[in-house]
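Below is one structure, written out as structure tokens; comments come after it.
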Amino acid sequence: MTSGVRLLVLGKQGAGKGTQAVRIARHYGVPHISTGDMFRAAAAARTQFGLKAKEFMKRGELVPDDIVIGVVAERLAKDDAVDDGFVLDGFPRTRMQAEELQRLLGPGGLDAAVDIDVPTDVVLRRLSGRRVCRTCGATYHVEKPPKVDWLCDRDGGDVVQREDDKPEAIGRRLELYEQETGPLLDFYEGLGLLVIVDGVGELDDVFNRILDAVETVRQFRLSAPRGQR
Ligand code: AP5
Ligand code: MG
């Protein structure tokens with residue numbers, strides 16, 4: 001295990017953010033913070049906040065900024081994220097969220113913003129075939145199902161289709177990506193934090209590309225004079 005890192009992962013829906021963010025977080029020994037997973041867990045627990053978030057999610061709409069920012073700020077304030085770092089998955093998704101994150105972390109608070117770049121026709125195939133474990137969120141694809149009868153290899157939970165992976169919701173989510181989230185690539189490029197990685201290929205190959213890119217950025221920062229890090 002390598003020492004901590006502060007990263008966020010950007011990319012279209014279905015680009016492989018969740019798949020790769022879990023592995024990157026494990027590699028660096030830092031928490032994986034996925035706003036989508038947090039909302040789905042709250043919805044499954046039927047908390048008031050979770051039920052509200054579910055209404056937006058099932059239509060493929062974004063959960064309002066003030067709610068999302070509050071949840072992320074609370075999570076980033078926990079000891080593990082403060083002490084070790086984090087991999088943010090699915091946050092930020094709007095300009096306001098990105099600006100608020102900068103304010104929360106302060107200058108130099110982020111090592112890199114990794115964009116997993118995948119063409120739209122590929123993400124459409126991935127999303128329509130995706131299946132997830134209802135209990136632990138592990139991800140599968142109809143072409144690579146779990147070993148036994150749609151039960152999760154990890155915890156035996158039911159493996160099902162996400163409500164927002166139905167065609168109407170997928171269309172809306174990708175539309176919102178173009179309008180709200182795509183422009184964040186320019187935002188992070190302007191801050192000198194953007195790293196673009198080709199997200200097409202075997203899972204291990206994409207993972208190694210991300211690690212190479214992140215390590216290059218880290219080495220560069222470590223070699224910079226203190227005031228410029
Ligand atoms: P969230 O859960 O974050 O969903 P998303 O952004 O729509 O992204 P996905 O999880 O669909 O895709 P992914 O990139 O993680 O791909 P995955 O690794 O699963 O958010 C859900 C909802 O919550 C939002 O729509 C919104 O309502 C709300 N929300 C969350 N954050 C918010 C925020 N900040 N602001 C406002 N609202 C927010 O991979 C996809 C499939 O492809 C899988 O089947 C996988 O096995 C497969 N796959 C992955 N990599 C490869 C590869 N290299 N080759 C082949 N197949 C692959
Ligand atoms: Mg995801």
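For segment 1-38, the set of residues classified as without any contact (Cβ under 8 Å) to a residue 60 or more places away in the chain, hydrophobic (A, V, I, L, M, F, W, C) and either under 17 Å from Asp111 (Cα atoms) or touching a Phe, Trp or Tyr at 6+ places or on another chain (Cβ under 9 Å) (or both) consists of Met1, Val30, Ile33, listed by residue number. Pick out the one residue from Ala98, Ala138 that is small (Gly, Ala, Ser) and either in contact with a helix residue (DSSP H, G or I) (Cβ under 8 Å, 6 or more places away or on another chain) or at pLDDT 95 or above (or both). After applying the criteria, what remains is Ala98.
Restricting attention to segment 17-52, the residues that are farther than 18 Å from Ala169 by Cα, near ligand 2 (Cβ under 9 Å from one of its atoms) and touching a helix residue (DSSP H, G or I) at 6+ places or on another chain (Cβ under 8 Å) total 3. Taking segment 176-196 as the range and being within 11 Å of ligand 1 (Cβ to nearest atom) and charged (D, E, K, R) as the test, only Glu180 passes.
Report the residue count in segment 15-33 for those that are near ligand 1 (Cβ under 10 Å from one of its atoms) and surrounded by 23 or more Cβ atoms within 10 Å (Cβ to Cβ). Qualifying residue count for the region: 5.
Results for (1) at pLDDT 95 or above; (2) in a helix (DSSP H, G or I); (3) touching a strand residue (DSSP E or B) at 6+ places or on another chain (Cβ under 7 Å), shown as yes or no for each residue.
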{"position": "Gln20", "(1), (2), (3)": "yes, yes, yes"}
{"position": "Val30", "(1), (2), (3)": "yes, no, yes"}
{"position": "Ile33", "(1), (2), (3)": "yes, no, yes"}
{"position": "Ala43", "(1), (2), (3)": "no, yes, no"}
{"position": "Ala73", "(1), (2), (3)": "yes, yes, no"}
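Is it the case that segment 158-181 has a residue that's hydrophobic (A, V, I, L, M, F, W, C), within 16 Å of ligand 2 (Cβ to nearest atom) and not in a helix (DSSP H, G or I)? Within segment 158-181 (the criterion being hydrophobic (A, V, I, L, M, F, W, C), within 16 Å of ligand 2 (Cβ to nearest atom) and not in a helix (DSSP H, G or I)), the answer is yes, since at least one residue qualifies. Restricting attention to segment 188-210, which residues are surrounded by fewer than 17 Cβ atoms within 10 Å (Cβ to Cβ), away from ligand 2 (no atom under 16 Å from the Cβ) and assigned to a helix (DSSP H, G or I)? If the condition is that a residue be surrounded by fewer than 17 Cβ atoms within 10 Å (Cβ to Cβ), away from ligand 2 (no atom under 16 Å from the Cβ) and assigned to a helix (DSSP H, G or I), then Glu189, Gly190, Asp204, Asp205, Asn208 are the ones that fit. Identify all residues within segment 129-152 that are more than 9 Å from ligand 1 (Cβ to nearest atom) and assigned to a strand (DSSP E or B); write none if there are none. If the condition is that a residue be more than 9 Å from ligand 1 (Cβ to nearest atom) and assigned to a strand (DSSP E or B), then Cys133, Val148, Leu151 are the ones that fit. Within segment 197-229, the set of residues being in contact (Cβ under 8 Å) with a residue 60 or more places away in the chain and more than 15 Å from ligand 1 (Cβ to nearest atom) comprises Ala213, Val214, Val217, Arg218, Arg221, Arg229. Any residue in segment 61-79 that is of a type in the set (Val, Ile, Thr) sitting within a Cβ distance under 6 Å of a residue that is surrounded by fewer than 17 Cβ atoms within 10 Å (Cβ to Cβ) and in a helix (DSSP H, G or I)? List the pairs, counting only those 6 or more apart or interchain. Every condition considered, the pairs that remain are Val63/Phe56.
The values are calculated or read from the model by the stated rules, or taken from the named source; none is laboratory data. What you see is a predicted model, and the numbers here were worked out from it, not measured in a lab. Neighbour counts run over all protein chains shown; Cβ positions are idealised from the backbone, glycine included.
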